[in-house]
Every structure is written in structure tokens, then in C-alpha cells.
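Q: Before I ask anything, here is the structure I am working with.
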Amino acid sequence: MILFSSIDWLLRKLAYVGFIAASILLLVVALMGTADVISTNLFFKPIPGMVELSGALLAVIVLLGLAQAQAQGAHIVIDVATTAMGPRMHKVAMIFALAVGAAFMATVAWRTTELALSAYSYNERALGALAFPLTPFKALGAFGAWLSAAEFLRQLVIRVVTPAAIDTSPKSHSADVSEDTADV
């Protein structure tokens, strides 16, 4: 149990660090885009490589932020079918969804890792005005994908070992609204 608690704590911290890194990178991309637009419109000279660099960073941003979004339950949830389910069936549906999510993200992580290793093996570089190496971007993307797969797996283990009557999932916005309006 102590081992699982330690792994749980580590995964939550890594997901948060990934989220912070993705947030900082998003700010960097916004500043790069602003600088490029200003340079293009004021000086009639775009900054070389900004489009390629922004594209590489956006992929990293998405993959680094996925684990924290899953941990917080921030993904879009369509609960039309699950609202009518009882606690046991709801648990089975959540276990199925988490298992599919874990398998999908593990596949993405595996393939992204292969891409990063391939990029490293032949020193892949971006095409365009600024030929920067793509290996660091692909490696960060692979890390984010593995982190997301681990988060799905963490939630799956929690769902499997938790009794059906206890709901440990983050509440969706619709559940919060319905609970708030029930008191009125």
C-alpha cells in the first residue's frame, strides 16, 4: 500500500510538472507568435523558423498537458448513458473507459517513443528557414504521452480496488450544477 501511495504521489507531481511546463511553453509560443506578427507587420520581415518551432512546441504542449487534464477530470464528459446507470454499472463503464484510454495512450506513447528514437538515430531536423533538431521535441512528447498513460492506469487501479458505492472520480461540471440547483 505504501508503494502504491508513493507511486500515486509521484505520478500526481509529475503530471503537475508537465502541466506547468506545458503552460510555460504555451506562453513562449504566444510570445513567439506576437514577435513574429509585429516583425512581419512593422518591419516587413518575418522571424525565420517561427512557424516550424511553434508547430513542434504545440505538439509538446498538448502531450505534456494531457496527464493533468485527466487527473483533474477536465476532459469533456458526455454522460447521457451513464447518468441512468446504478453505481455498479457506472463503475464497470468507468473501468472500461479507463482501460480503453490507458491502452490508447500507451499505444500513442509507444509510437511516439519510436519516433523520438528514430529522430535521434538519424539526427532529424526541421525543414524550413531554421533547421533545429526535432529529437528533444519528440522526446518531450513521448514523456507526456507515457505520463498520460500512467495517469489512466493509476485511475484504473483506483477504480478497480474502490468499492462501487464510493465515487472517486472528479465531478463533471454538469454534476456540480445539478447539485447546486437541487438545494434551491
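Q: Restricting to the stretch 84-141, and then to whatever is part of a helix (DSSP H, G or I) and charged (D, E, K, R), can you tell me which residue is nearest to Ser54 (Cα to Cα)?
A: Restricting to residues being part of a helix (DSSP H, G or I) and charged (D, E, K, R), the top hit is Lys138.
Q: With the requirement that a residue be in contact (Cβ under 8 Å) with a residue 40 or more places away in the chain and farther than 18 Å from Lys13 by Cα, what does the stretch 63-77 give you?
A: Answer for the stretch 63-77, where residues must be in contact (Cβ under 8 Å) with a residue 40 or more places away in the chain and farther than 18 Å from Lys13 by Cα: just Val77.
Q: Would you pick out the residues in the stretch 80-127 that are more than 25 Å from Leu64 (Cα to Cα) and either in contact (Cβ under 8 Å) with a residue 60 or more places away in the chain or polar (S, T, N, Q) (or both)?
A: Selection gives Thr82, Thr83, Pro87, Arg88, His90, Lys91.
Only the coordinates and a few stated rules stand behind these numbers; no lab work does. Not measured: the values here are computed from a predicted model. No Cβ is skipped: glycine too gets one built from the backbone with ideal geometry, and neighbour counts run over all protein chains shown.
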